[in-house]
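See structure below.
The numbers here are math on the coordinates, done by the rules we state, and not lab data. Please read all numbers here as calculations on a predicted model, not as lab measurements. So basically every Cβ, Gly included, is an ideal-geometry build from the backbone, and we count neighbours across all protein chains shown.
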Amino acid sequence: MFSYRHAFHAGNHADVLKHTTLIALMKYLTQKDTALTVIDTHAGAGLYRLDGDYTETSGEALEGVLKLIAPLAPPAPDAKPRKPAVAAAPEVLAPALQDYLNVLKALNPQFAQTGEAAHLKIYPGSPFIEQQFLSGRDKLKLFELHPTDFKSLAGNIEQLGVGRQVTVSREDGFEVLKTFLPPPARRAMVFCDPSYEIKSDYARVSACMADAVKRFATGTYVVWYPIIPRPEAHDLPRKLKTLAVKAGRSWLNASLTVKSSKLTTDTAGEVIRPGLPASGMFVINPPHTLKADLQLALPQMVAKLGQDRHASFGLEHGG
């Protein structure tokens, strides 16, 4: 049950989509004067080392955040240039991606100074992203069942010195969520990001979100999900859309594909599995600004993170 460790996947392409979207949400939702309750049902360890054993073993950050911050490869030189060479204009990132980089820079002062990938060593999980945007009136409630990650999370949050504004509990986020809805100030964002290592997680996500919307219809509900060749994975966003439509709530579904999901073989005939080819973020009751934010950011994610001709993005919304 506790085999999944996000440390192996920190900073991968799914994190780029997930955290860019999360930052855009937090930036908007914390602008109002009324207190916001943020509930993170599967918080993880909170902080990760990109130069640590876990991340270096998987190498996934190389195809994710480290690839995002690398300059685009220059075009092939023309053998017979017709005009004098002109210096390329500096690359301009979409505002949502720039906000994402600003969060990384805040945790990595040397990276903030140089912009070099070698100086990006600390990567924030969702708890540290959420906490950074809180005002004094807001609350953050973090839940994590994995014993090692819970211990790391508690220690990482304690170092922030934020007192009771952030609480960390070793409880099942799916089960405990119902006890916090509706929140006292009637404003909440719920972020649900399980590992999906157990097939039942897909059904638990949809059931949890259905119950949450019934308890507190106006909350903002955010679900990350993998896009893999598994029926449950493809059914989940459809179920969430049906849930939102039946409840009369607006919704947004953003997805990022970086490569083909087909199995291939190497020269020895061994099957090569593609790993995670794509993922999505489904938001119920999204801010009206989120669609525009992602319309600018997603094409750049495809351009920077795409690994083959199948790289693409999707952005649907309704309500």
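Tabulated results
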{"quantity": "Long pairs among Lys141/Lys239; Lys27/Lys241; Lys32/Lys214; Lys105/Lys139; Lys259/Lys304; Lys18/Lys105, criterion Cα-Cα beyond 20 Å", "calculated": "Lys141/Lys239; Lys27/Lys241; Lys32/Lys214; Lys105/Lys139"}
{"quantity": "Gaussian network model of the chain, Cα within-10 Å springs - most flexible of Asp33, Asp293, Asp15", "calculated": "Asp33"}
{"quantity": "Where labels lie 7 Å past Cα in the beta-carbon direction, separation of Arg137 and Asp235 in nm", "calculated": "4.3 nm"}
{"quantity": "Acute angle (nearest 10 degrees) that the helix 290-305 long axis makes with the longest principal axis of the chain, alpha-carbon atoms", "calculated": "40 degrees"}
{"quantity": "Between 0 and 90°, nearest 10: helix 95-107 axis offset from the chain longest Cα axis", "calculated": "80 degrees"}
{"quantity": "Dipole in debye (nearest 20) - the range 140-223, about Cα centre, beta carbon charges: Lys, Arg +1; Asp, Glu -1", "calculated": "440 debye"}
{"quantity": "Helix-only CD estimate at 222 nm, as mean residue ellipticity for the chain, using -39500 (n - 2.57) per DSSP H run (n ≥ 4)", "calculated": "-11000 deg cm²/dmol"}
{"quantity": "R0 of 30 Å, Cβ-Cβ distance Thr289-Asp211: FRET efficiency to nearest 0.05", "calculated": "0.65"}
{"quantity": "Relative contact order, percent, the range 130-271 [alpha-carbon distance under 8 Å, six or more residues apart]", "calculated": "18 percent"}
{"quantity": "Mean Cα-pair separation over length for the range 95-165, i.e. relative contact order, pairs under 8 Å, 6 or more apart, %", "calculated": "20 percent"}
{"quantity": "Theoretical gain in end-to-end length, Thr34 to Ala70 [0.36 nm per residue, Cα-Cα removed]", "calculated": "9.0 nm"}
{"quantity": "Calculated FRET efficiency for the pair Ala303/Asp172, C-beta based, R₀ 30 Å, to 0.05", "calculated": "0.15"}
{"quantity": "Net charge contributed by nearby residues that have their C-beta within less than 14 Å of Lys32 (K/R +1, D/E -1)", "calculated": "+2"}
{"quantity": "Antiparallel bridges, percent of DSSP beta bridges restricted to the chain (to nearest 5)", "calculated": "60 percent"}
{"quantity": "From the C-alpha gyration tensor of the range 93-203, square roots of 5λ in Å", "calculated": "27, 18, 16"}
{"quantity": "Estimated dipole of the range 123-274 in Debye, rounded to 20 [Cβ of Lys and Arg +1, of Asp and Glu -1, Cα centre]", "calculated": "780 debye"}
{"quantity": "Additional length obtainable on full extension of the chain from Ile198 to Asp51, 0.36 nm per residue less Cα span", "calculated": "50.1 nm"}
{"quantity": "Relative contact order, percent, the chain [alpha-carbon distance under 8 Å, six or more residues apart]", "calculated": "23 percent"}
{"quantity": "Calculated FRET value between His310 and Thr148, using beta carbons and R₀ = 35 Å, to 0.05", "calculated": "0.50"}
{"quantity": "Between 0 and 90°, nearest 10: helix 147-158 axis offset from the chain longest Cα axis", "calculated": "90 degrees"}
